Amino acid sequence: MVDCSHEWNPEEMAGNMVLLGANKIKQPVQVKVYRTSVEHFAVVYPTKKVCRPLGVLNLKNTMVEKLPTWRQNYGFTVRQCGFDTPLCSLTFFSESGNQLDRWIDAFTCRNSSIAHTSSLPIVQEDDEL
C-alpha cells in the first residue's frame with residue numbers, strides 16, 4: 001500500500017492580494033505561486049470563483065522590491081532583471097502586513113550566482129588525420 005499523504009506539491013503560496021493596474025486602479029486578485037526545481041511562476045486570477053487566469057508571471061530572473069508601508073498598504077514590486085522602467089513591473093499589495101514577508105519570499109527567485117558545472121569530463125579534440 002502506497003502512502004499518498006505526503007505528496008509533493010509545487011504550490012508554494014496562494015491567497016488574495018490586490019494588483020495595482022494601469023492608472024493606479026486597484027484590482028482584487030487571487031494569486032498562486034508555484035516553484036519546482038526548474039520552474040518558478042505565479043498565476044493571477046480574478047477573485048470570481050470560476051474564471052480563467054488574468055495572466056501567468058515567469059518569476060525566473062526577477063527582482064522583488066518591498067515598498068515602504070503607507071496607510072496600512074503592505075506591498076512589493078516585481079520586475080524582470082535588467083528592466084528599470086515602471087512599465088515593466090507589477091505591484092502587489094498583501095491583505096495584511098503579517099503575510100507580506102511570506103509573499104515576498106514566495107515571489108523571490110532563488111537563482112544561485114554560482115555557475116552550473118558539468119559533471120561530464122572535458123574532452124580534448126585530436127587533430128584530424
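Within segment 12-61, report the trypsin sites (Lys or Arg not before Pro) that DSSP leaves as loop and that have at most 10 other Cβ atoms within 10 Å.
Those that pass, being in a loop and sparsely packed, are LYS48, LYS49.
In segment 9-93, which GluC sites (Glu not before Pro) fall in coil by DSSP and have 15 or fewer other Cβ atoms within 10 Å?
GLU39
Determine the gain in length on full extension of the stretch GLN27-MET13; use 0.36 nm per residue of separation and subtract their C-alpha separation, reporting nm with one decimal.
Value of the extension gain: 3.1 nm.
Readers should treat all values here as calculations from the given coordinates under stated rules, not as data from a laboratory. Everything numeric in this text was worked out from a predicted model, so none of it was measured. Heads up, the Cβs are rebuilt from the backbone with ideal geometry, glycines too, and the neighbour counts pull from every protein chain shown.
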